[in-house]
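The values are calculated or read from the model by the stated rules, or taken from the named source; none is laboratory data. It should be emphasised that the depicted structure is a prediction, and the values quoted were computed from it without experimental measurement. Counting neighbours? That spans all protein chains shown, and the Cβs are built from the backbone with ideal geometry, glycine included. Quick note on the areas: whole protein, heavy atoms, side chains included, nothing else; ligands and nucleic acids left out. Shrake-Rupley method; radii C 1.70, N 1.55, O 1.52, S 1.80 Å.
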Amino acid sequence: MTNSPLTPGIVPGRLPAEAYCTNFADHEPALDRHEARVAADRCYFCHDAPCITACPTSIDIPLFIRQIATGTPEAAAKTIWNQNILGGICARVCPTETLCEEACVREAAEGKPVEIGRLQRYATDVAMAKGLHPFTRAPSTGKRIAVVGAGPAGLACAHRLAMHGHDVVIFERRPKAGGLNEYGIASYKATGGFAQKEVDWLLQIGGIEIRTGMELGRDIQLAQLEAEYDAVFLGIGLAGVNALRAAGEDLAGVRNAVDFIAELRQAADVSTLPIGRDVVVIGGGMTAVDAAVQSKLLGAENVTIVYRRGQEKMSASGYEQEHAAQAGVRIIHNAAPVRVLGNGKAEAVEFAYTSEGPTGLTLSSETFTLKADQVFKAIGQTLVGAPDGLPVTGGKIAGTTGKVWVGGDCAAGGEDLTVTAVAEGRDAAEAIHLTLMAL
């Protein structure tokens, strides 16, 4: 421990070594066999289960929970994977409290839903630990498909295409596959390198080649892929980050929250990561919460999230907001950044109070200042690198054109969630398969 939470500036080693191990351990411990059976017994196994409707991938939730209750978690895992091949990571990162668990009949009746997310994790973890991959490739079709982006959408698409007997090449701009599962979520949500373990497990289907360090528009062109492959799936995500549009955002100490999270996820030793004493995170989504909580876990003394609208407008779920508060993060609503103050480096951020009316958001003349030696921007991501000629609506790629299909965060429609990306990649694969087999 070379520093402390009181050390000025942006420095590493603010906490004792054992504190980092504790802080970045799995924040939601896995269920054991007995706990899973008890949790499964709470399910009513509804015939017209609302939880299925609430799941973007339409997993047969009552069925897999019944399979756990009867002592066959391996069968439960196959039920999950039939619809969501990335069921393991989704069990860890899905906002189940606003999806399947919010729709649970137990939630409506008792205010305590069946723990669907933890049960899903239990089943998939048990099956993966046994080396089970209950899918085989169909006979080769001779068709080749290019998938651009090795995130949840691209991986789900590639696996389903491989199952149908097609050969798939995935082009990924980063050094590793996984997309946001690998680079964009809090470390304590997917410990032990789980994201990469799941990728390796998924590739057991065969017929999938991943080429990393290949970026669309730089190393490969869409026209080239259309000429060389029978179909193309684009799952390029949202690589850009919105600007604050506030004076001083180019000062040292101001950075994008997504880059901070990616750096933390790839760090071999998190104690070496420098963090400020006074951290301000600007935004109201999951990225803002993940950046803020992890700043606190790295030893920052004061961490504040500031969001320009009211609490009800925050895209981070109530569960995540509560988790942030429990971690010691302060959340301020209805305030927008006016400027970052400092002489060569960030020292404070000036905010103006806001109000919403018929004409939108209005900044008040009343302002306040928060001390900040480090500022994270978490105000949304944007589409960059969309090939010319593809229809773009509302900052996202709209629909398919010719031999090109689109899915995941870069596609118009749907929420920017891992589980939604998986569903869109899976469904695009089925559409590609039907199209190619009809030729």
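Reported count of residues in segment 268-284, each being outside any strand (DSSP E or B) and either at pLDDT below 95 or touching a Lys or Arg at 6+ places or on another chain (Cβ under 6 Å) (or both), is 1.
Restricted to segment 414-439, and to residues there that are part of a helix (DSSP H, G or I) and among the acidic types (Asp, Glu), the residue that is most open to solvent (accessible area, probe 1.4 Å) is Asp427.
Six or more apart or on different chains, Cβ under 9 Å: which pairs go from a residue in segment 314-328 that's free of Cβ contacts under 8 Å to residues at least 60 places away in the same chain to one that's among the aliphatic types (A, V, I, L, M) and open to solvent by 20 Å² or more (accessible area, probe 1.4 Å)? Could you list them? As it stands, the answer is Met314/Ile331; Ser315/Met286; Ala316/Met286; Gln321/Ile331; Ala324/Ile331; Ala325/Ile331; Ala327/Leu297, since those pairs meet every condition given.
Tally up the residues in segment 310-325 that are among the charged types (D, E, K, R) and surrounded by 17 or more Cβ atoms within 10 Å (Cβ to Cβ), please. Please lay out each step first, then the result.
Our first condition is that a residue be among the charged types (D, E, K, R); within segment 310-325, this holds for 312-313, 320, 322.
Restricting the remaining residues to those that are surrounded by 17 or more Cβ atoms within 10 Å (Cβ to Cβ) gives 320.
Counting residues in segment 310-325 that are among the charged types (D, E, K, R) and surrounded by 17 or more Cβ atoms within 10 Å (Cβ to Cβ) gives 1.
State yes or no: is Ile89 assigned to a helix (DSSP H, G or I) and open to solvent by less than 50 Å² (accessible area, probe 1.4 Å)? Show your work before the answer.
Working: assigned to a helix (DSSP H, G or I): yes; open to solvent by less than 50 Å² (accessible area, probe 1.4 Å): yes.
So Ile89 passes the test.
Looking at segment 326-337, is at least one residue open to solvent by 20 Å² or more (accessible area, probe 1.4 Å), of a type in the set (Lys, Arg), closer than 19 Å to Gly380 by Cα and out of contact with any helix residue (DSSP H, G or I) (no Cβ under 8 Å at 6 or more places or on another chain)? No - not one qualifying residue is present in segment 326-337.
Scan segment 272-300 for residues that are of a type in the set (Gly, Ala, Ser), closer than 13 Å to Gly13 by Cβ and out of contact with any Leu (no Cβ under 9 Å at 6 or more places or on another chain) and report the count.
Initial filter on segment 272-300 (of a type in the set (Gly, Ala, Ser)): 276, 283-285, 288, 291-292, 295, 299-300.
Applying the additional criterion that residues be closer than 13 Å to Gly13 by Cβ yields 299-300.
Among the residues that remain, those that are also out of contact with any Leu (no Cβ under 9 Å at 6 or more places or on another chain) are: 300.
Residues in segment 272-300 being of a type in the set (Gly, Ala, Ser), closer than 13 Å to Gly13 by Cβ and out of contact with any Leu (no Cβ under 9 Å at 6 or more places or on another chain): 1 in total.
Restricting attention to segment 100-128, the residues being within 18 Å of Phe64 (Cα to Cα) and either crowded, with 21+ Cβ neighbours inside 10 Å or among the small types (Gly, Ala, Ser) (or both) number 16.
Can you pull out every residue in segment 115-150 that is over 30 Å from Gly213 (Cβ atoms) and either in contact with a His (Cβ under 6 Å, 6 or more places away or on another chain) or assigned to a loop (DSSP other than H, G, I, E, B) (or both)?
Here is the first cut: in segment 115-150, the ones over 30 Å from Gly213 (Cβ atoms) are 115-123, 125-127, 129-130, 132, 134, 136, 138-139.
Passing the criteria: Glu115, Lys130, Leu132, Pro134, Thr136, Ala138, Pro139.
Entry remark, segment 237-253: residues being assigned to a strand (DSSP E or B) and over 25 Å from Glu424 (Cα atoms) number 2 in total.
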